[in-house]
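Data block below; observations after.
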Amino acid sequence: MAAHAHRRTSRSRPFAEPAQSAESDPTTATAPPSPPPAGLALFRAIRDFLDLLLALLKWPLAFVALMTLPGAIWAFGDLVLRAGDAWRHLTPFLLGAAAYFLLWKFVLRRPTWGSLLSTFEHELTHGLFAWLTFHAVVGLKASWRSGGQMQFKGRGNWLISLAPYFFPTASLAVAVALLWVPAEHLPWANGLLGATVAYHITSTKMELHAGQTDLKVAGWLFSALFLPAANVITYSLLLAFALGGRVAMAGSAAGVWARTRDLIALLT
């Protein structure tokens with residue numbers, strides 16, 4: 001009998017903010033509801049402004065992502081060729097990735113602690129981007145079999161919904177930690193980075209399916225236009241970091257722009 005991987009469903013949804021209550025009896029004098037503190041009012045104003053800004057930028061960014069995708073793939077190919085020349089330096093990274101792939105294939109893809117932890121990381125990423133766009137997180141739930149949920153205050157935006165499908169939270173945490181690793185230990189410490197990259201690939205594979213609520217909230221068309229380029233650029237940056245740290249990451253980002261300009265020049 002064929003084994004089927006458990007397909008996790010996630011949902012990030014707004015949480016209704018409590019309304020100010022007032023006495024309904026007209027014969028009873030009541031004081032008007034007090035306004036929110038100035039700091040809270042400013043927080044909400046920034047949150048609402050960011051939601052509006054992201055809504056306005058949504059389809060322009062989808063167009064930019066679509067136009068950038070061929071150049072991003074070209075630049076990623078350049079990086080892979082460079083990695084082939086530096087395979088000895090990348091050996092720990094590749095071993096870490098291979099080790100995680102094997103662990104996932106035989107253990108973690110089943111609905112056990114592996115799926116619980118990856119669901120928690122997924123919801124945590126939703127929460128991180130809710131926080132970054134000034135939404136107060138009021139609830140986070142992860143389970144073995146029934147997916148997870150993150151609740152926040154405010155209307156929300158597409159970035160909160162799609163963040164886990166292109167932003168590798170675990171890899172970023174490891175990359176930041178590696179900035180303090182002594183240079184002589186850095187090559188082998190890259191093995192941990194390789195494992196988190198493999199984790200992000202497998203978890204994203206598990207979470208991208210027709211029943212995924214996040215993709216429906218952000219919009220299927222927008223998700224299909226935005227996520228491919230976002231993921232190619234993300235993996236390019238991670239591979240570049242494994243090759244040469246922050247300097248190589250900056251070079252990788254510049255390479256995407258350069259290759260996109262080259263393609264535009266060829267077509268015009």
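Each reported figure results from applying straightforward, stated rules to the coordinates on display, with no laboratory input. This is a predicted model, so every value here is computed, not measured. Because the Cβ atoms are built from the backbone with ideal geometry, glycine has one as well, and the counts that use them run over all protein chains shown.
Couple of notes before you dig in:
- Spin-label model distance (nm) - PHE106 vs HIS209, 7 Å beyond Cα toward Cβ: 2.4
- Net length gained if the chain between LEU186 and LYS141 were fully extended (0.36 nm per residue, minus Cα distance): 12.7 nm
- Theoretical gain in end-to-end length, VAL247 to LEU179 [0.36 nm per residue, Cα-Cα removed]: 23.3 nm
- Remark: spin-label model distance ILE264-ARG155 equals 3.1 nm, labels positioned 7 Å along the Cα→Cβ axis.
- Compared with the alpha-carbon gap, the fully stretched path from ARG88 to TRP131 is longer by 11.5 nm at 0.36 nm per residue.
- Candidate lysines - alpha carbon under 18 Å from LYS153, same-chain residues fewer than 8 apart omitted: LYS141
- Diffusion constant of the stretch 132-268 at 4 °C, which comes from Stokes-Einstein with the Kirkwood Cα-pair radius and 1.567 mPa s, µm²/s: 75
- Label-to-label distance, LEU54 versus PHE120, with points set 7 angstrom from Cα along the beta-carbon direction: 2.5 nm.
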